[in-house]
1. Would you mind estimating how fast segment A:8-72 diffuses translationally, via Stokes-Einstein at 10 °C and 1.306 mPa s with the Kirkwood radius over Cα pairs, in µm²/s?
2. Let me cross-check A:ARG53: its accessible surface, 1.4 Å probe, with only protein heavy atoms counted, in Å² to the nearest 10?
3. How high is the relative contact order of segment A:8-72, in percent, with contacts defined as C-alpha pairs under 8 Å that are six or more residues apart?
4. Using a 1.4 angstrom probe on the protein heavy atoms only, could you order B:LEU259, B:LEU179 from most to least accessible area?
5. Count charges around B:ALA46 for me, please; just the other residues with Cβ under 12 Å from its Cβ, Lys/Arg as +1, Asp/Glu as -1.
6. Expressed as cubic angstrom per residue, what is the convex hull volume of the alpha carbon set of the protein assembly as shown?
7. Zone of B:VAL42 (label point 7 Å along Cα→Cβ, backbone N under 15 Å): which residues in segment B:228-268?
8. May I ask for the accessible area buried between chains B and A, both sides summed, probe 1.4 Å, to the nearest 100 Å²?
Amino acid sequence: MSSTPDPRIPVTVNGEARTVPEGYPLLAVLKDLEIDPAEATGVAVAINESVIRRQDWADVTLAEEDTVEIIQAQQGG
Amino acid sequence: MADDVHTNGAVASATDETLTIGDRDFSSRLIVGTSRYPNPQVMLDALEATGTELVTVAIRRVNVEDPAPESHLDLLRRGGYEILPNTAGCYTAREAVLVAQLAREALDTDLIKLEVIGDDETLMPDVEQLLDAAKTLVDDGFTVLAYANDDPITCRKLANLGCAAVMPLGSPIGSGMGLVNPYNLRIIREVVEDTPLIVDAGIGTASDAVTAMELGYDGVLLNTAIAEAQHPVQMAHAMRLAVESGRRAHRAGRIPRRLYAQASSPTEGHVGD
């Protein structure tokens, strides 16, 4: 085992509790969900109830206890 | 607007003002949902048969366990439809406002069909939360189409808040029960004069849509009545005709109801007089 363990932080992604490495990029969260930021249509992200504009996705990393919502438009009435 | 032009007894043209919602004009007065069709091709064929220009979509979390669901958004956009995202499934103003803001970012639109429901069984709006969300979203620059109870007071409040359209239910969502309280819908039309009114929810068959339009409503929003019909595309066409028929009848002005008969044929010159 490494003497400097990778520090992990708790976050919530779409209602699911997860731990991610400190400084985990938002783009990595999207990749985990198989969302390609260049291709995905009808997708949006909010962290702690603030919408993150698409052009800012690459600049955002997660902080401890962040609540991330990633949504997609689907068929509905 | 010009009156209908009659040629040899047939209506050659029937100009009507467009349905204006916010800064958008629609020639179709039918708004159609995109859920519950047997398959995507039936959905596309049905939407085309309705003649609609505005279709609703839902906003849902991307599933962590089963990512990248198939999106039909591209199909809808290729079909040329304007997209109306909804806030279905929201129980509080706070949730609905966040979903609306996410929808605006995801779809690059200020249109929002605002639904704030009180419980899962009735899917009836929670009026307190609905009004709160409507005010916040109107102030934030959204073009709000508010799904409402068939309550004249609530509908008037939503109109006064600046909603671009107020959409009272005919009966519970997906119930197909039609317009269960047409008298309330009439009163709503009288108290909400200047804001478009659309019957949203409960339409079961074409006659329900006709009745809504005859009551002076500006449009109809429906989904299940088409999507779950035995023949969705045929029902879609029927709904298009129903909305157009009801609209024309409303504009034409119906005769008053009379308790006793009134002869259509001349009352003078009967044989035997």
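1. Translational diffusion coefficient: 135 µm²/s.
2. Taking all protein chains as shown, A:ARG53 has close to 120 Å².
3. Averaging sequence separation for qualifying contacts and normalising by length gives 47 percent for segment A:8-72.
4. Ranking B:LEU259, B:LEU179 by accessible area, largest first, yields B:LEU259, B:LEU179.
5. In short, -1.
6. Dividing the Cα hull volume of the protein assembly as shown by its residues yields 176 Å³.
7. Taking a point 7 Å out along Cα→Cβ of B:VAL42, the residues of segment B:228-268 whose backbone N falls under 15 Å are B:228-237.
8. 2700 Å²
The values are calculated or read from the model by the stated rules, or taken from the named source; none is laboratory data. As the structure is a computational prediction, the values presented were derived from the model and not from experiment. Every residue, glycine as well, gets a Cβ built from its backbone with ideal geometry; the counts of neighbours run over all protein chains shown. Heads up: the accessible areas ignore ligands, DNA and RNA and are worked out on the full protein's heavy atoms, side chains in. Shrake-Rupley method; radii C 1.70, N 1.55, O 1.52, S 1.80 Å.
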